[in-house]
Amino acid sequence: MASRFPPKIVAAIRDGQILGIRAGSRPHRIIGIWAVVVEGRVFVRSWSLKPRSWWRTFLEEPRGVIEVSGRTIPVRAVQTRSERLKDAVDQAYLEKFHTPGSIKFARDLGGARSRATTTELVPTASRPSRREGDPASGAGRPARPPTRGGPRGSSSRSGR
């Protein structure tokens, strides 16, 4: 049986509108996507099937991270084959994203192309860490090393 997220994380994903995600291990920004919870499990679908999408990255390298409730959690992406689960994910998207502005996209996520991208996110063995900038995290390192000077490598001193 696949490992599961703690109940508080599942509830945060279920109740939240946007899930932060980064596919693969290469440095890249966290992007926001829609996620749903079915049977206590976390599922995502790709609306856009661009060649360099998060979903295609997961096909090549099924490891990544999600950001939930101030935590960065390592995940593994598992492609879903079960038609029963895909049907339940269809329904979950329609129930969660039902506002006039989002229903069109929720319906599109139930279309054949997006439905084929149904992916379960499963936590990996690594423990969750706090997100940078979260005072409760105790994380003392910046996300990247500090740079000299300001934008474009300019120095804050005039040097004249």
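The values are calculated or read from the model by the stated rules, or taken from the named source; none is laboratory data. This one's a predicted model, so the numbers in the text were calculated from it and none came from an experiment. Here the Cβ positions follow ideal geometry from the backbone for every residue, glycine too, while neighbour counts run over all protein chains shown.
In region 32-46, the residues that are closer than 12 Å to S114 by Cβ form Cβ pairs under 6 Å with partners that are hydroxyl-bearing (S, T, Y) and in a strand (DSSP E or B), at six or more places apart or across chains, as follows: V44/T119.
Scanning region 12-30 for residues that are basic (K, R) and at pLDDT below 95 gives R26, R29. Any residue at all in region 74-85 that is surrounded by fewer than 18 Cβ atoms within 10 Å (Cβ to Cβ), assigned to a loop (DSSP other than H, G, I, E, B) and either modelled with pLDDT of 95 or more or within 15 Å of the chain's Cα centre (by Cα) (or both)? The answer is yes; a qualifying residue exists.
What's the number of the only condition in (1) in a strand (DSSP E or B); (2) within 17 Å of T124 (Cβ to Cβ); (3) out of contact with any Pro (no Cβ under 7 Å at 6 or more places or on another chain) that V37 fails to meet? Only one criterion in (1) in a strand (DSSP E or B); (2) within 17 Å of T124 (Cβ to Cβ); (3) out of contact with any Pro (no Cβ under 7 Å at 6 or more places or on another chain) is unmet by V37, namely (2).
Filtered by the rule that a residue be within 16 Å of A116 (Cβ to Cβ) and either among the aliphatic types (A, V, I, L, M) or surrounded by fewer than 15 Cβ atoms within 10 Å (Cβ to Cβ) (or both), region 47-59 gives S48, L49, K50, P51, L59. For region 93-108, the criterion of being within 24 Å of G24 (Cβ to Cβ) and either loosely packed, with under 13 Cβ neighbours inside 10 Å or touching a residue at least 60 places away in the same chain (Cβ under 8 Å) (or both) is met by none of the residues. Kindly check whether there is at least one residue in region 13-25 that is touching a His at 6+ places or on another chain (Cβ under 9 Å) and surrounded by 13 or more Cβ atoms within 10 Å (Cβ to Cβ). Among the residues of region 13-25, at least one is touching a His at 6+ places or on another chain (Cβ under 9 Å) and surrounded by 13 or more Cβ atoms within 10 Å (Cβ to Cβ), which makes the answer yes. Within region 86-108, being assigned to a helix (DSSP H, G or I) and of a type in the set (A, V, I, L, M, F, W, C) holds for A88, V89, A92, L94, I103, F105, A106.
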